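Asker: One structure follows; several queries about it will come next.
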Ligand SMILES: [Zn+2]
């Protein structure tokens, strides 16, 4: 799974392109207004069929969430 941050959409939401292990590319979008909301994962969306048909957090969304966590950690380390 290869995650890359791409340009935000026209509403200013963060977008990420995810290349899955099967070589397909999907776009994951995050509506950043949901921080602190216990159901904030519902604010992620993905262009893959699994998300489209089940509206569940798919593995691409999980990969992007991990990518963001790592980036945050790196930012903190940079400040130390
Ligand atoms: Zn997906």
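Every number here is computed from the coordinates shown, using simple stated rules; none is lab data. Predicted model only: the values in this text are computed from it and were never measured. Glycine also receives a Cβ, built like all others from the backbone with ideal geometry; neighbour counts cover every protein chain displayed.
Asker: Provide the FRET efficiency to the nearest 0.05 for the residue 47-residue 74 pair, computing r from the beta carbons and using R0 = 35 Å. Could the numbers behind the result be given before it?
Answerer: On the way: r = 27 Å, r/R0 = 0.76.
For R0 = 35 Å, the calculated efficiency reads 0.85.
Asker: Which order do peptides 66-78, 4-16 fall in by mean Cβ count within 10 Å, highest first? Can you show the working numbers first?
Answerer: Values: 66-78: 10.8, 4-16: 12.5.
Sorting 66-78, 4-16 by mean packing, highest first, produces 4-16, 66-78.
Asker: With axes computed from alpha carbons, what is the tilt in degrees of helix 59-79 against the longest principal axis of the chain, rounded to the nearest 10 within 0 to 90?
Answerer: That works out to roughly 10 degrees.
Asker: Work out, step by step, the length gained on full extension between residue 66 and residue 20: first 0.36 nm times the residue separation, then minus their alpha carbon distance; give nm to one decimal. The partial results should precede the final answer.
Answerer: Values: separation 46, 0.36 × 46 = 16.56 nm, distance 1.44 nm.
My answer for the length gained is 15.1 nm.
Asker: With viscosity set to 0.890 mPa s and temperature to 25 °C, compute the Stokes-Einstein D of the chain, Rh being the Kirkwood radius across alpha carbon pairs; µm²/s, no decimals. Show your work: numbers first, answer last.
Answerer: Details: Rh = 13.2 Å.
Taking Rh from Cα pairs, D becomes 186 µm²/s.
Asker: Can I ask one more? In percent, what relative contact order does the chain have, based on Cα pairs under 8 Å that are 6 or more apart in sequence? Could the numbers behind the result be given before it?
Answerer: Details: 104 pairs, mean separation 17.3, N = 80.
Averaging sequence separation for qualifying contacts and normalising by length gives 22 percent for the chain.
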